Every structure is written in C-alpha cells, then in structure tokens.
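Heads up, the thing below is written out as structure tokens.
The values are calculated or read from the model by the stated rules, or taken from the named source; none is laboratory data. Predicted model, so just to flag it, every value in this text is computed and none were measured. So basically every Cβ, Gly included, is an ideal-geometry build from the backbone, and we count neighbours across all protein chains shown. The accessibility values were calculated without ligands, DNA or RNA, using every heavy atom of the protein model including side chains. Shrake-Rupley method; radii C 1.70, N 1.55, O 1.52, S 1.80 Å.
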Amino acid sequence: QLGFQLNSGSSQDIDYGNPKEYKIADINVVGSQFNDKNSLISISGLKVGDKIRIPGDDISMAVRKLWKLGIVGDVKITVTKTEGNEVYLQIELTERPRLSRYFFNGVPKGQRETLSEKVNLIRGRIVTDALVKNARNAIINHYSSKGFKNCQVEITQEKDSLLANGVILHVNIDKKKKVKIHEIQFEGVTQVKEKKLRKKMKKTKEKHFTHLFTPSKFIDEEYRNDKKNIIEYYRSMGFRNATIVADSVYDHNGKMVNVKIKVDEGKKFYYRNITWTGNYKFNDEMLSRVLGVNRGDVYNPQELSKRLNFNPSGADVSSLYMDDGYLFFNVQPIEVLVEDDSIDIEMRMYEGEQATINKIIVNGNTKTSDHVIYRELRTIPGQKFSRTNLIRTQRELAALGYFDPETIEINPVPNFADGTVDIEYNVTERPSDQIELSGGWGGQFGFVGTLGLVFNNFSLRKITDLKAWRPLPAGDGQRLSLRLQANGRRFQTYSFSFTEPWLGGKRPNAFTVSLSRSIQRLIDYRTNRTNGSLKVTGITLGLGRRLKWPDDFFTMNNSVSFLMYNLDNFRTTGFGGYDNGRSYNITFNTTIARNSIDSPTFPRRGSQLSLSVSLTPPYSKFGGKEFGEPTEETKFKWVEYHKWMFDNSWFLPILDKLVLNARMHYGFIGKYTPSREIGPFERFILGGDGLSQNSFLLGTEIVGLRGYENNSILPFESNGTGGVAYGKYVLELRYGVSLNPAATIFVLSFLEAGNNWGSIDEFNPFVVKRSAGVGARVFMPAFGMLGVDWGYGFDNIPGNPSANGAQFHFTIGQQIR
Amino acid sequence: CSKFTRIMKNPDVDERYEAAMEYYDNEDYYKASLLFEDLLPNLVGSAKAEKVQFYYAYCHFNQKQYMLAAHYFKTFYDTYSRSEFAEEALYMQGFSLYKSTPVFNLDQSNTNEAITAIQDFINRFPQSKYVEEAAELIEKLRGSLEKKSYEIAKQYHKLEKYKAAVIAYGNFQRDFPDSHLREEVEFLKIEAQYDLARLSVYKLKEERYQLVKEYYLKFIDRYPSSQYLKKAENYFESSEKGLKNIAAQASVK
C-alpha cells in the first residue's frame, strides 16, 4: 500500500485547503531494521533545515523516491509535531524480504539463460506475490509459445542464510510433452476446397510425416493467426461476410489435440458501380483505368486496397499523386450500397497540397560519412515529394552494402505551414568487410592457401588519424582489398587494390589502382633446390564512368596496365628456347558496356553488352635494332598484340518464371605487322566449365563450353597456347524454382556451340562444336552462385577422342562468357 | 581460481565492497565495475549505496563507455539529488554525452541530447564551478552541428544540384543565425543561385537572376567589407547583364 498520512492522531491538524510553509526540525525513521536510516533520509530528498510546504509536492516526491527503490513494502510519512513553523517528520516503513538469488530447476542450462531474460527477476528487489506470479506467467507463456501447452511451473521461497532479509527463489519447471495436432476438421466449407484452407493455416498443421519443415505444434497465438488467415482467404475470394462461428480444441489421447472449425461462408459478392469523389487533378476515367477493377469482378477488399495504396508489381492510384508532391493524398473506398450480391463503391479522395522537399536528414550512420550517403540519395531539396524516389533511394542505400536493408526507415516530416516536407532516413550500420581464409586444391600446384581481406568502406583520408583505426579507418566508401595466395615456395601471389568510387566527389567516376606480384618456382623435390623461377609484377590504373549517352545504362572503363615478367631458367610452352630474361607487357584497355538486366541473380528481362579493346604499343612499327629485328632472345621482350572482345547476353521472359537467355561471344587477337607471328600471350582456350586456371604468364582467356572436357578446344597447331579467334553461342532456357533472395534456385537447359581458330583467315563462325544439356544453379549470399551442368558434346575433337560426349561440369560464381 | 573470482564469490558484502574500492583506486575499472554491479542490488538502502553508484558511473566513464556512464550519472542524480556529488554527477552526465558524440559527418543524434543535458545542468546549477566549461562544451557541440549543415549544403553545390544547394544554404542561415560560417554561406548561396539562374530554361531565368540580386544586396548590407565582396559583385553584375539580355530579347519580340 502506497500513501502518506499527515494527521497522526488528533494532535496535528493539517489544513489541506491552505498549504503552509514549514521548516523541517527533525526526521525520524521507524520500521527499518535492515536499511540504513540516514541513507533512506538522503534518498527521500528531505533534509533537516529545509523549508517545505505541507501539504505539497516535496512529501509525495519523497514517498515516490523511496518506493521506487523497490526495497520497502510500505511507506508512510507523518507529521509527529509542529512547533510554530517547525515541523517534525516521521518516515514509517515496513520491510519485506528481498530477492538474493534464484534457480531454475528441470530445464537444461541453455534454456535457463533464455528464461532469465524473460522473467525479469532483479536481485535486491522485494519479493511480493505479484513478482512471483509474473515470473510464473512469463515462463508459462514462453513455453506455450514453443508448443508446450501443458507446462507446469511451481515457485518456492527459501530464506537466504548468507544475506540478512534475503530470499532465494526456486523455480521448478515441468515442461511436459509438446502438444501436437492429430486432426483438423472443418464444418460448413462448401464453396472453397478444404485443402486450400489447410494450406492457409501456416503454423497450425496436422501431424503428418510430410510436414518436415513445419512440424505439427499447437500454439495458441499461431492458431489465432491462422484463423485470421482463413477468413482473409475467404474475403479475397469475394466472401465478404465469411466468419468462423465456432471452433474448439479438444484432447485426442493426452498427447495430441483435435481442432474443429465451423465456418459460415455467406454469399459471394461482386463489384457493381465504382464512383470517385474529391478528385480534381485526374478524371474518373483515368483513375478507373489505373485501378483496373471492373464491374462484375469478384469483390476483394485486399486487392482493392493494394491497387489504391501500394502495388509492388504495377501501378496504383496513390502513386499517381504521391510521385507528384501530393504527400497528404488519401483515398477511402466506402461501400455505399450492398444489394443482393453486388456492391457499389464510392472512392472518397482527398488530394491536398503539393509538398516540396526542404531538408534531408540522415540518422544512424555511426561509421559511414555523410557525403558517401548524400551523394546516393535520390531525394534532394527543392524537388517535389515523390514516393517512387523514396523507394529508389531505399534501394540505393541498401545497394551500398553498409546498412542493414531490413532496417532502413524513411520518415517524411511535413511542415504544414510552408508546404514543405523534410525527409528523414534512419539507417543502421552493419559490417561490410569480408575476410576470406581458405585452402583448396589448385590444379597443378597442389594445396593452395588463400587469405583475402576486403574492406568495402575504407577511408584513405583518415589514414593518418590513429584514433580512426578500428581496425582500419572507415567511412568514406572506398574499397581496399588484399589477397595472398601461396603454396609454400612453389607458388605465391600477392595482390592489392584500391578503389575510390567517386573520384573528385563530383561524379561517380570510379578510380582503381591495383598492384600484383606472383612468383612461381620450379623445385626439384629430391634435392629441394630451385631450378628456375618466374616473377610477374604488375600495376593497373583504371577509371570507370557511367555514361549519359546513348542512355544511362552505359558505362565506360579505361585502364592502363603494366606487367613485367622475369624469367630465370623457366621452361614453359610456346616460347621456344626463351627461358631467361625479362618481358614487358604494357596495355591500354577500353571497355564500353551496357547493362540493363533487372536482377543480378535471376534476370528476366534486359540485356548485357560489352565491347572491350586492349592495345599494346605497336613496337614492330618503331623499327630500329631494339624493336625492328628481334632475335630469338628479344622476341618476347616487348609483348605486342591487339585484342578485341565482344560479349552479348539477352533475357526474354516467356512465362512468369520461365526465361530465355541468348548469348553470343567473340574474341580476336591481332598483330600490327603482317610479317610477324602472333605471340603466345592472351590467347583463347575453350571447353568445359570455364573455371580452370591456366598459366598466368600467358594471361590465357579460358572460356567454358559445356559438353566438352576442360580446355580441350584449341587449334591443334598452337601447341597448347590457344587460339587467336573464338566464337561461342548459347541458348538457355531457365526456370526459377525459388526466387527467394536468401536462396535463389533455378534449373536450365541449354544448346551451346563454339569454336577456336589458330588464325583470323580460318575463322568461320558457322563451323562450330555443338552441345546440349541441362543444369541447375543455387545462389546464396554467403556462397555466391554454385552450379552443376550435364552436357553432351556432339562433335569430335581431333586428337582428343574422349573430350566430347557426356560431361559433368561444376561452376562457382557467375560467368560472363 | 583467480583472486578476482574468489572475491566475486565472497558472500561478505563488506569485503567485496572494500575490494571493489581497491580495484577502483588501482585504476582497474573493468573489475571494479563488475564488483560494483554485483554489489548495487544488495546495498540499496544502505549508507554505502550512494558511493557505489557514483563510482560505478565513473568506472564506465573511465572505460570510455560514455553512453552508459551518462545513464548512470543521471540515475545517480535522480536518486540522490541532495547528495554532495549531485552537481558533479549532472555535469558528468553532460560531459559523458559530449564525449560520446562522433565527428560532424556522422550521426549527430547524441549531439542534441548532449546540448539539452548540459543546458539543463547550467540552468540547475548556475553558480557551479563547471558552468564555464559547460558553456564551452555547448559551443563545441553547436559547432559540429553547424559544420554538418554547412558541409551538406556544400556537397549539393559540388554535385551541381544548385537548387538544392540554395535551399540548404538557406536552412543553414535560418538554423544558425550567429555562426561564424554565415558570411561564407551567404556568399556561397549567391554563387549557387547565380549558377542555377545561368543554367535555367529561358522561362525561369529572369526570376532566378532577380533572386541573385536580392541575395547580393542582403549580403553587402550585412558584410560591407567581406573578403568575398569582389566575387559577389561579379555575380551581381553578370546577373544584371543577364537580365538586360532578357529585356532586350523581350523588346525585339
């Protein structure tokens, strides 16, 4: 009981209608046996010598403060005596036992921790009946939400011998068996299929061996939801008045229950007249067309609301207004007349004023700098409010990868006075760095260990600020990646790359620097001596731009790269007698690409096009002793070629989840001086999964061709170094089995053809190796795209009789070619 | 069993209290805070509770857990408002919040909270020896809000979103009328408005050039000897020229 009393006995008369100021002469505490009197007075906020009003706030505040401590059962402040304007106060308390410890019995350790969070038992608090009862209810609720409907909880109290006035709680729990459902019976279901209804009950299922992922459990709350789902389903079928008139859950055999649901379906309703009122900006006809609901359609309020307010897969009435500044727009469909099975609807609209964006506020960026976020926002001050831009911005923010896409919140804050709106974006940062630590079988090298670090939100600017190193300076949206790969002394490769996505901060021009170094050693295992080595060092500078012309799907990427090969007694194919010396490969590359596909994992429409040209300086044209007349020794010193690559991929939707993908790929390598040979560098090898690595000295382009063995299609006379012209065509029919972003799965069948030629003269795009087959792909964000294909190659490969026929291929990642 | 776990398990409250104080004096704030946390519920209502709660808050502060420290200093102040440490606790709440605010280009939700808390302290203890420092803290916190608003406006300018820049500079003027950045902001607003007018469709040019003139006149009234005066004059004159051209073309028609 909480309260205070100011008239103690009859000696003190307090006039409640006329508060008076007193000076506190003394404060006395009674009833405290375990608590310190002075500290209680201190907590009460009252002090001898203070002036207080009686009656007044000070006394009630004091009571409240003492009560809030949670250690006393009852507080009362009384006036024992007044002398002139001096007052003597008395704090009267009753002490109750306090909770010193508690134990859960009958459940495993892991569940005890969960329970501790649920029951909210705070040590030091007084133990009351309410506290014990609340704890008990919390535990019962917890277990019944897990299907333990018959859970029993008993709580006993014990005096704590270690702490004066302390009480130990023993919470004894008997979970009992999980309650399952034996049978669900329906009554009164005539116009829809019972099977459909059972399907609509998402969590309440009969016990059946096929329900692997939704095991049968009876949970009150889920059952209530599932009843709502049934009614919702009826409503969506036009049964406006469908209700569950009765339902019961009764025991089956002690372990299981039966569920019986009686439905009154009512009549099926249809739309008759739909009229609009309050619309000035758009006329009735226009609005009706956007709404797309016609006279005679089945009455479905859910669908109607979707078409009015927000339709994720098409137009809706709201977006007409909301994308043009009408932030305050709203529409209410009112059933004005219900006659037999027909319903007349009146759309009551309020258009309101157009709002202009004033301020953009971003909250929650505890790591990422403002400028990195603001440059991606599609809503800017001065624009008319637009819902589409808001949604687009949400997507752009999610695409940055720095924020949790689930928790991006957008709040428009309207200022009615001046017709403007502030837009508030609330984001939560999430880790965006990746660490790759793996070991794998790397073909010719045996075991290869990989350590990769990718920092996607790096800040070069803060690199001198030691406080910002957590573990690396972050927040400027730059990308830093480091990668080490090694297999002891035989093979090592180090690479580093840095990308600034907005060079200069004005336009999204991505600038990239990358450095790499690889070492390959030939080791004699008997003597453990190094017989020869190859060291490759390279640097690449690139600048990528989004183009506005011909349209904004185009990007252009220019790069310059310099590679230095250092051969020390290193024998390899294609070089004749050349195994000592240095080679230099300087290239300039331009890639123009257009990408308009609608989804990266399972595209349904759009296309990808890319044309890339790589050029080395035409040394042979320079003449002179160095370049003009190469000897066997200097032939490979200055690598010379020009290389053209063309890739094209189209996606056409046939049915909802059935997509046709057509691809065409070409590549050519040429020489500047007709009399020269084309070098062994950068050539093409076709066949197989397109994954396997080849000599990085040669930079060979590996292109897959299913139905043939890996790396099997190359001109016979090239001696293993590859062709100089290739063509490849693919027709793929894909069917999306699951388009859930957490695990996208699709199956495919394909027709493929391609060939690889040793010279431009032999190139004939119609003489190809053909194959056909089927496959499947699974995409999971943590693993990327994984796939398996079975293909059958129809054409023989000269000199390699086993290369065609039936072949299995495994793929990792998404392949361009 | 380490010494610390033995102390944690010691049922004697007073011994644990002594040990916690010793850890605190030896600047082992982590262990001290574990002990204090454990002691608090047992000591409520006793004479030691006040000291424990105050030290507990300081443990968080010294471990740089400023948000938690602010919370516990506030709890202390609310519970023991008559304590001799109450004033210090309220100041420390504000100071902890100040410490928890990040640089200007990150989320500033804490900054507003810190300003409110410190202002609250100044209002309650106007005679305090901390008032001067508190006022300085508020100044610094406001400075970072100003800087944020200024940088956002400048980014719109840099991205060539001139209309957005003009609005954002305007918001800055309204939100921080006495900022030291105001002179520059007013000048930049003229610049952005001029570029907006220059690149406008013909129909909107006149109205937008007029605004350049208007902003310029306000600017020279306020800062007659500004370092940006010369550049501002240029924009003014170019706008005049632009307006004349428009008038000339209109008369031809």
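Couple of notes before you dig in:
- Residue B:141 meets the conditions (1) surrounded by fewer than 19 Cβ atoms within 10 Å (Cβ to Cβ); (2) part of a helix (DSSP H, G or I); (3) more than 14 Å from every other protein chain (Cβ to nearest Cβ); (4) within 17 Å of the chain's Cα centre (by Cα) in every case but one. The failed one is (1).
- Check on residue B:149, under 28 Å from residue B:189 (Cα atoms) and polar (S, T, N, Q): yes
- Qualifying residues in the range B:1-28 (those that are away from every other protein chain (no Cβ under 14 Å) and assigned to a loop (DSSP other than H, G, I, E, B)) - the one farthest from residue B:48 (Cα to Cα): B:1
- Candidates A:348, A:395, A:375, A:387 - the one that is crowded, with 18+ Cβ neighbours inside 10 Å and away from every other protein chain (no Cβ under 14 Å): A:387
- Checklist (1) modelled with pLDDT of 85 or more; (2) more than 12 Å from chain B (Cβ to nearest Cβ) applied to residue A:93, failing item: (2)
- Within the range B:70-97, the set of residues being acidic (Asp, Glu) and either open to solvent by less than 20 Å² (accessible area, probe 1.4 Å) or more than 14 Å from every other protein chain (Cβ to nearest Cβ) (or both) comprises B:87, B:88.
- For the range A:619-639, filtering for residues that are in contact with a strand residue (DSSP E or B) (Cβ under 9 Å, 6 or more places away or on another chain) and either modelled with pLDDT under 80 or part of a loop (DSSP other than H, G, I, E, B) (or both) leaves 8.
- Enumeration of residues in the range A:659-687 that are at pLDDT below 90, surrounded by 15 or more Cβ atoms within 10 Å (Cβ to Cβ) and of a type in the set (Val, Ile, Thr): A:678
- Options A:393, A:366: the member that is in a loop (DSSP other than H, G, I, E, B) and modelled with pLDDT of 90 or more: A:366
- Candidates A:122, A:139: the one that is on the phi < 0 side of the Ramachandran plot and surrounded by fewer than 17 Cβ atoms within 10 Å (Cβ to Cβ) is A:122.
- Single unsatisfied condition, residue B:15 versus (1) at pLDDT below 90; (2) open to solvent by less than 30 Å² (accessible area, probe 1.4 Å): (2)
- Complete set of residues in the range A:246-272 that are part of a strand (DSSP E or B), open to solvent by less than 60 Å² (accessible area, probe 1.4 Å) and touching a residue at least 40 places away in the same chain (Cβ under 8 Å): A:256, A:257, A:258, A:259, A:261, A:263, A:271, A:272
- Residue, farthest from the chain's Cα centre (by Cα), within the range A:515-528, restricted to residues that are at pLDDT 85 or above and of a type in the set (D, E, K, R): A:521
- Any hit, the range B:155-165, residues being in contact (Cβ under 8 Å) with a residue 40 or more places away in the chain, within 14 Å of chain A (Cβ to nearest Cβ) and polar (S, T, N, Q): no
- Test: residue in the range A:418-428 that is of a type outside the set (S, T, N, Q), more than 14 Å from chain B (Cβ to nearest Cβ) and either out of contact with any Phe, Trp or Tyr (no Cβ under 9 Å at 6 or more places or on another chain) or open to solvent by 30 Å² or more (accessible area, probe 1.4 Å) (or both): no
- Annotation: of all residues in the range A:36-59 being of a type in the set (A, V, I, L, M, F, W, C) and within 27 Å of residue B:43 (Cα to Cα), the one that is farthest from the other protein chains (Cβ to nearest Cβ) is A:59.
- The set of residues in the range A:351-372 being surrounded by fewer than 20 Cβ atoms within 10 Å (Cβ to Cβ) and more than 10 Å from every other protein chain (Cβ to nearest Cβ) consists of A:351, A:352, A:353, A:354.
- Residues being more than 17 Å from residue A:327 (Cβ to Cβ), of a type in the set (Asp, Glu) and in contact (Cβ under 8 Å) with a residue 60 or more places away in the chain - total across the range A:376-429: 1
The rows are residues; the columns are (1) over 23 Å from residue A:359 (Cβ atoms); (2) open to solvent by less than 40 Å² (accessible area, probe 1.4 Å).
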{"residue": "B:169", "(1), (2)": "no, yes"}
{"residue": "B:179", "(1), (2)": "no, yes"}
{"residue": "B:183", "(1), (2)": "no, no"}
{"residue": "B:186", "(1), (2)": "no, yes"}
{"residue": "B:219", "(1), (2)": "no, yes"}
{"residue": "B:231", "(1), (2)": "yes, no"}
{"residue": "B:235", "(1), (2)": "yes, no"}
{"residue": "B:240", "(1), (2)": "yes, no"}
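- Per the listing B:149, B:200, the residue uniquely buried (at least 18 other Cβ atoms within 10 Å of the Cβ), polar (S, T, N, Q) and within 14 Å of another protein chain (Cβ to nearest Cβ) is B:149.
- Of the residues in the range B:28-38, at least one is open to solvent by less than 30 Å² (accessible area, probe 1.4 Å) and among the aromatic types (Phe, Trp, Tyr).
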